[in-house]
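Here the structure comes first, spelled out in structure tokens, and everything after it is commentary.
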Amino acid sequence: MNTENVRKKAIIASSERLISSALRSLLENNLELDVVGEVISVYEALNLLAKTPVDLVITESVLADQNIISLLHKVREQHFNVPVVVIAGKESSPLVLQQARANGVGAIVYKQQPLEILKMAVNVVLAGKHYYADTVFTQPLASQIMTVVIPDEQDPLWALSKREREIFGLLAHGLQNSKIAIKLSISPRTVETHRARIVKKLHVNSNAELILFAVRNGLTTL
């Protein structure tokens with residue numbers, strides 16, 4: 001059997017059937033991929049992955065039941081060694097996309113970008129690399145199975161830990177320490193410790209400056 005002519009297999013995850021159908025057409029006609037399933041939720045994606053080995057998962061940032069962070073966690077937990085490409089849009093939370101990068105998503109492509117960008121991202125990911133916007137990282141996809149933060153100047157939160165990113169997001173939305181403590185089931189003192197580390201790493205002096213930092217970097221809106 002000539003393996004060079006074997007087409008790669010993909011799953012599409014989208015809560016909108018119209019987008020899913022359009023993606024299928026693009027992938028099969030332009031990227032020479034065979035789409036073996038279309039799902040609308042993380043639950044359906046995991047069930048299909050358990051039954052059908054594939055080379056790629058292409059998903060929107062938010063599905064019918066959960067977002068891509070849940071998908072990435074569960075793909076890792078269940079040892080599905082498959083790269084994930086996210087199709088993001090204006091509705092996509094910048095914080096969720098930052099967290100997706102920290103959790104090793106294979107690529108992030110925006111709906112507003114031309115088809116050539118999606119082609120490039122898919123080819124890069126299938127070659128064992130990462131693709132984020134206009135940046136290609138050469139870490140092997142084995143690294144996506146672990147929770148990692150890739151330090152690069154294009155990620156304004158690269159210096160923050162996973163917990164610090166979580167607290168940053170809540171602070172950026174104006175939550176007080178006491179509310180964050182309740183939401184995360186930790187003590188207010190622990191929240192303040194993380195907050196102090198965050199403002200030091202981001203070189204800001206107050207919660208107001210932190211929120212301004214988030215707005216300027218597209219991580220939240222006023």
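The values are calculated or read from the model by the stated rules, or taken from the named source; none is laboratory data. All of these numbers come straight from a predicted model, not from anything done at the bench. Please note: Cβ atoms are built from the backbone with ideal geometry, for glycine as well, and neighbour counts cover all protein chains shown.
Filtering segment 49-68 to residues that are without any contact (Cβ under 8 Å) to a residue 40 or more places away in the chain, over 20 Å from Gly104 (Cβ atoms) and under 20 Å from the mean Cα position of the chain (by Cα) leaves only Asp65. Counting only residues that are modelled with pLDDT of 90 or more and of a type in the set (Val, Ile, Thr), segment 146-185 holds 3 of them. Scanning segment 174-211 for residues that are among the acidic types (Asp, Glu) and either touching a Cys at 6+ places or on another chain (Cβ under 6 Å) or farther than 21 Å from Pro156 by Cβ (or both) turns up just one, Glu192.
Is it the case that Leu175 is crowded, with 17+ Cβ neighbours inside 10 Å, more than 23 Å from the chain's Cα centre (by Cα) and under 19 Å from Leu212 (Cβ atoms)? It is true that Leu175 is crowded, with 17+ Cβ neighbours inside 10 Å, more than 23 Å from the chain's Cα centre (by Cα) and under 19 Å from Leu212 (Cβ atoms). Scanning segment 6-26 for residues that are of a type in the set (A, V, I, L, M) and without any contact (Cβ under 8 Å) to a residue 40 or more places away in the chain gives Val6, Leu18, Ala22.
Selection over segment 1-21 of residues that are crowded, with 18+ Cβ neighbours inside 10 Å, over 15 Å from Pro83 (Cα atoms) and among the β-branched types (Val, Ile, Thr) gives a count of 0.
For Arg24, the conditions (1) in contact with a strand residue (DSSP E or B) (Cβ under 6 Å, 6 or more places away or on another chain); (2) surrounded by fewer than 20 Cβ atoms within 10 Å (Cβ to Cβ); (3) farther than 14 Å from Leu118 by Cβ all hold with the exception of (3). Among the residues of this structure, Pro188 does not count as one that is at pLDDT below 65 and not hydrophobic (A, V, I, L, M, F, W, C). Close Cβ contacts (under 7 Å, 6 or more residues apart or on different chains) running from residues in segment 105-134 that are in the same structural domain as Leu27 (by TED's automatic domain parsing) and closer than 24 Å to Ser70 by Cα to residues that are modelled with pLDDT of 85 or more and exposed (fewer than 15 other Cβ atoms within 10 Å of the Cβ) comprise Leu126/Lys8.
Of all residues in segment 42-92, exactly one satisfies the criterion of being modelled with pLDDT of 90 or more and among the aromatic types (Phe, Trp, Tyr), namely Tyr43.
Checking each residue in segment 194-222 for being surrounded by 14 or more Cβ atoms within 10 Å (Cβ to Cβ) and without any contact (Cβ under 8 Å) to a residue 12 or more places away in the chain picks out Val199, Val204, Leu212.
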